[in-house]
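Shown next, in structure tokens, is the structure this report addresses.
The values are calculated or read from the model by the stated rules, or taken from the named source; none is laboratory data. Because the structure is predicted, anything quoted here is derived from the model rather than measured. Positions of Cβ are generated from backbone atoms using ideal geometry, with glycine treated the same way; all protein chains shown enter the neighbour counts.
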Amino acid sequence: MHFLFFETNAFGAKEYIAVVVAFISLGTLIKGLVEYSKAQTWKKAEFISKEVKEFYSTPSVIRALKFIDWDEGEVGLNPGELGNKPTLYFTNELLIQALRNHNEGNDRFTIEEAKIREIIDGLLDKLSLFQHYIDGGLFSAKELKGYLKYWTDIMFDEQSDRVMKAGFRQALKKYIHSYKFYDLIKLGNSLGYTLN
């Protein structure tokens, strides 16, 4: 009689028990690894969610995303940020002008243009942080992309249907390269955009 490809008379009770215990141990190990993997996936999802929530609640990000989403409008200011002004009115033209390189034309920026640059820098710095997390293996670009896609499409996708933002998109890309936001360039490329 054959059992587990061995003849039964070659095994005694102790050997059968040892084989059964080995299979139970292997099953327990596999179950533990599967549960550990699920827990790690859950922790990763929690981490991404927390970081994205923090990103979207940052004041400079909130303001900059309004610049990106609207062709013109106002963003709220804190007291004293821009004199006595409670808001900063912007247009696409003002955004493009604010994002020019210091070497282009007039290298002096108005107080409004300087504030716009400061706000945009805050957004770009926060976005760059995501690339550090990707490089550290905390999550992948694929896992992050869904959280940022609406905004990154407007910012980086040449095929975006946001035609009014084409000039802004070009000015932003030039700004990112001119001021060496290398981690953001890497993030954009990781997310499938061409920022090189």
Fill in: Residue in the range 47-59 that is exposed (fewer than 10 other Cβ atoms within 10 Å of the Cβ), modelled with pLDDT of 80 or more and of a type outside the set (D, E, K, R) present
yes
Practice prompt. Can you tell me which residue among G188, G146, G80, G122 is of a type in the set (G, A, S), modelled with pLDDT of 85 or more and within 18 Å of R63 (Cα to Cα)?
Written response: G122
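Within the range 44-78, count every residue that is charged (D, E, K, R) and touching a strand residue (DSSP E or B) at 6+ places or on another chain (Cβ under 9 Å). If you could, list the steps in order and put the result at the bottom.
Of the range 44-78, the ones charged (D, E, K, R) are 44, 46, 50-51, 53-54, 63, 66, 69, 71-72, 74.
Within this subset, residues satisfying the condition of being touching a strand residue (DSSP E or B) at 6+ places or on another chain (Cβ under 9 Å) are 63, 66, 71-72, 74.
Going through the range 44-78 one residue at a time, the tally reaches 5.
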